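The structure under discussion appears below in the form of structure tokens.
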Amino acid sequence: MSNMFLIKNLHKRYGEKEALKDTNLEIKRGEIFGILGPSGAGKTTLLRLLNLLDKPTNGKIFFDGIDTESASSLELRRRMAMVFQKITVFNMSVYDNVAYGLKVRKENETEIDKKVKRALELVGLSGYENRNAKTLSGGEAQRVAFAMATVFEPEVLLLDEPTANLDPINESIIEDIVLRINKLGITVVLATHKQAEAMRLADRIAVLNNGKIEQIGKPDEIFYKPKTEFVAKFVGTKNIIEGKVKVADPQADMLKIAADNFDIITPYKPLKEGTYVTICIRPEDVMIVRPDVKTNKKNTLLGKITDIIPEGAMLRLHLLLKESDYSLVIDIPRHAAKKMDLKVDKEVTISLEETAMHIIES
Amino acid sequence: MKAIYSVILAIVILALGFFSGYYLSQEKISTPEKPAEELVLATTTSTVDTGLLDALNKPFEEKYNCRVKVLRLGTGEALKTAEMGNADVVLVHARKAEDKFVGEGYGVNRRDVMHNDFIVIGPLNDPAGIKGMKNAADAFKKIAQTESTFFSRGDNSGTHQKEREIWANAGITPVGKWYKPVGKGMGDTIIITNEKQGYTLSDRGTYLAMEKNINLVILIEGDPILFNPYGVIAINPSKYPKRNYQLAMAYIGYITSPQGQKIIKDYGKYMIIDPLTKKQQSGYGQPLFYPDAINITVLEKL
Amino acid sequence: MSSLEFLFEGFAKAVELIFTLNPYVISVTQVQLKVSGIAVLLSTLTAIALATLISFRKFVGKGLLITIINTFMGLPPVIVGLVVFILLSTSGPLGFLNLIYTPTAMIITQYILATPIITGVAISAIGSVEKEIGDTALTLGASKLDMTWLVIKEAKLGIITAILAGFGRAIAEVGSILIVGGNIAFADGTSYTRTLTTAITIETAMGNFATAIALGIILISLALAANFAVNILQRRTED
């Protein structure tokens, strides 16, 4: 599989601000490539550089093997399309909006007619042709924007936070459209701050922070094996415990880490004894041990519930560990919490799932 | 380089706009049945606003198949614009300035045309008590002594020059809160005088045309110093060869001819022409101008 | 006569002048419309070109150009009239064009007065179009020219406002066109360079306030009609 984009030492400065620093990337033809990061991380900057709307301060972008500096921007740009974070349609009919990309390419009327119909069908807006695009709802307008960007069959679609301004229903409609577009063979580069969205859609993800790429990998790698503390925090690992390697025993496949007032045991990792590490565990991987059930689980700790916050179908518990400064966050289903009669101030035993813990050398 | 192109583009667009405007207006604005010739006459407000020129020019236009473009200006302005070559003929009333205009070589063939007369007008209750005085200079003296409000044209027009002449005869330099130069035309000055119920010097024609709209009366008239002679002058063709000297001379010939002089003699007596509707209206029962080119008794026999 | 009576009489006279199709008033109105119409048309072409250049291009002297435009926006019309008069005078540098005391001279004056206003308002109209509109056009494959045209179309409402502002300045002008046009009407009542505004100055000067007000009412009606027409046009294009 060939590269759609190859990015080498890319650097972009706006006045004093360094928006993108020394970035290296490969985006493969046909994949959905997620760019995940908080706002201000440089996602939009990167997409604008890829779309050749802005020129890099330093570094190179190769598009389909072509050095973008040496080729006509217009010609290359016509092989891709971008959808902006701010939902943007022109003040004209839906049909004319969608036809715009074809008109500037001087396609003939019958061809335009056929393609506009197909594009509107793809986004589920057949019959909307004569409506003024400015009068549509946010979700509908964003679907028009997708039709506008795909009608001329680009090789790459660059999406800047396509669901940032939408409600959950429209969010899932748009996500569905993204998958459909990708199935047509269009490479998608998706910038988002929503980790769940990146997880659902992307084949590979780059985590961007402060203009720098922190980690590139498959969603599983990003979520379960964050390479840095930033990535861990950003992808939703709420529980981070500092510690020091006490015992590293490959034979017993065991790593014993001394934290505050307790020890934690995880599968073996090639780390020297005495190394400082960070232990990450996601809220859903912390188990509450039912008091009536005897357990032989390792890593059991005692704690007191300090707060219970409903989060959809789940409850989020805040727990203060006994004889320690650590507070942990635990997600459990409502029905389970009810069964165990969990309340604020109640003492519970928890267990940290051995294999769910992720160790980062600090 | 790009910047230079942009600037050139901007200049080209500006130039295009300018010339297309010129072309368009040449094509569309000028009257479609454009007469063969045009005469530009620079004159004073009094001849226009009384409607006299409408009565004079129509027969002339028919006779010579031409159009007369009348510039309605103050005397000073009329002579100045002619000096700049913007008119073919001038019809004004300021003898000294006319002589200077001819003397400096801008004009040729000055002829006396007519005169009207100035009057001193003021409020009905006449606070300065000048009504019925025979001598205008004496009346001005009284206005100055009583410090009654006096409005002066203050625009260097023929009327203003006449006013200064009278002040000089009275031996007074008019200064003080009571003396107010307006810097506007006769009509505007009369309106201001009416609003403030003061005194002013006006030509009879403008006053008669406005009489129905104001509360001012004639207080002094008939003093020979108040006579106001009009002269007509052609622009010197050696100075401005492109100007229409021939038609200018024809116009001078026409308004000093028995036909033109008769129109002047009768205008205002029986009818006037409304400057707005161009319709004839009943006159004031008295003429507004008195012909000077042909002796009045001779003219009446013709 | 009280001031209010002048108003009533003026209104009655305006109705009379319009319904009797007074030839002088019609001729004066025609000149007014032709002069202001052509001037505003040319100003619009220039102004949109200038506004486009300033909004979409970087070039040397851009800041200076904007300063000049802003200065000209507030230029006293009489000064413009005076300068044009001196330039076009037969003895002046452009005297050979024979334009003094012609409608063309008036058009030039109104063009100079209206262009900066239309340009200034058009620049802010184009500037108020969201940045994403232009970017979206580009990303959909538009050339710079396509994109410029699209943004101008999106700024349509603001640009129409700009043109109306220019038209307002042109049609209301008196002093400058009096100087360069000469306020000429022929003896038979056809206007050459006399407009409603300059005719009003004569009527006022002669104390014919009622007639002046009548002409003023016609002038205001024209301005209203222009706004109204644009309004209808706008609604039509929006549907």
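The values are calculated or read from the model by the stated rules, or taken from the named source; none is laboratory data. Keep in mind that this is a model prediction, so the values were computed, not measured. All Cβ positions, glycine included, derive from the backbone under ideal geometry; neighbour counts span all protein chains shown. The accessibility values were calculated without ligands, DNA or RNA, using every heavy atom of the protein model including side chains. Shrake-Rupley method; radii C 1.70, N 1.55, O 1.52, S 1.80 Å.
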Review point. With respect to C:T104, is the statement that it is of a type in the set (S, T, N, Q), surrounded by 23 or more Cβ atoms within 10 Å (Cβ to Cβ) and without any contact (Cβ under 8 Å) to a residue 40 or more places away in the chain true?
Key: yes
Exercise for review: Within segment B:259-282, track down each residue that is open to solvent by less than 60 Å² (accessible area, probe 1.4 Å) and either away from every other protein chain (no Cβ under 14 Å) or in a loop (DSSP other than H, G, I, E, B) (or both).
Suggested key: B:Q261, B:I264, B:K265, B:D266, B:G268, B:M271, B:D274, B:P275, B:L276, B:T277, B:K278
Practice item. Just give me the residues in segment C:194-232 being open to solvent by 60 Å² or more (accessible area, probe 1.4 Å) and free of Cβ contacts under 8 Å to residues at least 40 places away in the same chain, in sequence order. Key: C:I220, C:L224, C:F228, C:N231, C:I232
Review point. Would you pick out the residues in segment A:234-284 that are aromatic (F, W, Y) and either open to solvent by less than 10 Å² (accessible area, probe 1.4 Å) or over 30 Å from the mean Cα position of the chain (by Cα) (or both)?
Key: A:F262
**Study point:** Close pairs from segment B:83-101: first charged (D, E, K, R), partner assigned to a loop (DSSP other than H, G, I, E, B) and open to solvent by 10 Å² or more (accessible area, probe 1.4 Å), Cβ under 7 Å, at least 6 apart
**Key:** B:E83/B:Y106; B:D88/B:R243; B:D88/B:N244
Check your understanding: Out of segment A:290-304, which residues are of a type outside the set (V, I, T), assigned to a loop (DSSP other than H, G, I, E, B) and open to solvent by 30 Å² or more (accessible area, probe 1.4 Å)?
Key -> A:R290, A:P291, A:D292, A:K294, A:N296, A:K297, A:K298
Check your understanding: Across segment A:20-53, what is the total count of residues that are over 25 Å from A:E155 (Cα atoms) and open to solvent by 10 Å² or more (accessible area, probe 1.4 Å)?
Key -> 5
Exercise for review: Taking B:N125 as the residue in question, decide whether it is in the same structural domain as B:P275 (by TED's automatic domain parsing) and either in a loop (DSSP other than H, G, I, E, B) or without any contact (Cβ under 8 Å) to a residue 60 or more places away in the chain (or both).
Suggested key: no
Revision key, fill the gap. Within segment C:175-193, residues open to solvent by 40 Å² or more (accessible area, probe 1.4 Å) and not in a helix (DSSP H, G or I) come out as C:D188, C:T190
Practice item. Output the residue which, of all residues in segment B:283-298 that are among the hydrophobic types (A, V, I, L, M, F, W, C), open to solvent by less than 70 Å² (accessible area, probe 1.4 Å) and over 17 Å from the mean Cα position of the chain (by Cα), is nearest to B:V232 (Cα to Cα). Key: B:A293
Study note, to complete from the structure: When restricted to C:L113, C:L75, C:L65, C:L82, the only residue within 11 Å of chain B (Cβ to nearest Cβ) and at negative phi is C:L65
Exercise for review: Considering each residue of segment A:217-233, count those that are part of a loop (DSSP other than H, G, I, E, B) and surrounded by fewer than 14 Cβ atoms within 10 Å (Cβ to Cβ), and give that number.
Suggested key: 1
Revision key, fill the gap. Counted residues in segment C:61-72 being open to solvent by 60 Å² or more (accessible area, probe 1.4 Å) and either of a type outside the set (V, I, T) or modelled with pLDDT under 90 (or both) come to 3
**Study point:** Enumeration of residues in segment A:54-90 that are open to solvent by 30 Å² or more (accessible area, probe 1.4 Å), over 21 Å from A:G185 (Cβ atoms), part of a loop (DSSP other than H, G, I, E, B) and within 14 Å of another protein chain (Cβ to nearest Cβ)
**Key:** A:D54, A:K55, A:S72, A:Q85, A:K86, A:I87
Practice item. Could you check how many residues of segment B:179-217 are more than 16 Å from B:H160 (Cβ to Cβ), surrounded by fewer than 16 Cβ atoms within 10 Å (Cβ to Cβ) and of a type outside the set (D, E)? Key: 5
Practice item. Go through segment B:28-52 and give me each residue that's charged (D, E, K, R) and either more than 21 Å from B:Q280 (Cβ to Cβ) or modelled with pLDDT of 90 or more (or both). Key: B:K28, B:E33, B:K34, B:E37, B:E38
Practice item. Filter segment A:293-327 down to the residues that are of a type in the set (A, V, I, L, M) and touching a Pro at 6+ places or on another chain (Cβ under 8 Å), then identify the one that is farthest from A:G243 (Cα to Cα). Key: A:A313
Point to revise | Selected residue (criterion: surrounded by the fewest Cβ atoms within 10 Å (Cβ to Cβ)) from residues of segment C:140-174 that are closer than 16 Å to C:N227 by Cβ and within 14 Å of chain B (Cβ to nearest Cβ) | key: C:A170
Point to revise | So B:I235, is it among the hydrophobic types (A, V, I, L, M, F, W, C) and under 22 Å from B:D117 (Cα atoms) | key: no
Check your understanding: Which condition does A:M287 not pass, out of (1) open to solvent by less than 30 Å² (accessible area, probe 1.4 Å); (2) at pLDDT 85 or above; (3) out of contact with any Gly (no Cβ under 8 Å at 6 or more places or on another chain); (4) not aromatic (F, W, Y), if it passes all the others?
Key -> (1)
Review point. Within segment B:94-109, can one find any residue that is closer than 30 Å to B:W178 by Cβ and within 14 Å of chain C (Cβ to nearest Cβ)?
Key: no
Revision key, fill the gap. Across segment A:336-356, the tally of residues that are part of a helix (DSSP H, G or I) and either open to solvent by less than 70 Å² (accessible area, probe 1.4 Å) or farther than 18 Å from A:R282 by Cβ (or both) stands at 7
Review point. So which strands (runs of 3 or more DSSP E) are wholly in segment B:65-122 and hold at least 3 residues that are open to solvent by 10 Å² or more (accessible area, probe 1.4 Å)?
Key: B:66-73, B:107-122
Check your understanding: In segment C:38-60, what residues are of a type in the set (G, A, S) and facing another protein chain (nearest Cβ under 10 Å)?
Key -> C:A39, C:S43, C:A47, C:A49
Practice item. Filter segment B:212-249 for residues that are within 23 Å of B:T75 (Cβ to Cβ) and part of a helix (DSSP H, G or I) and give the result. Key: B:P224, B:I225, B:L226, B:Y245, B:L247, B:A248, B:M249
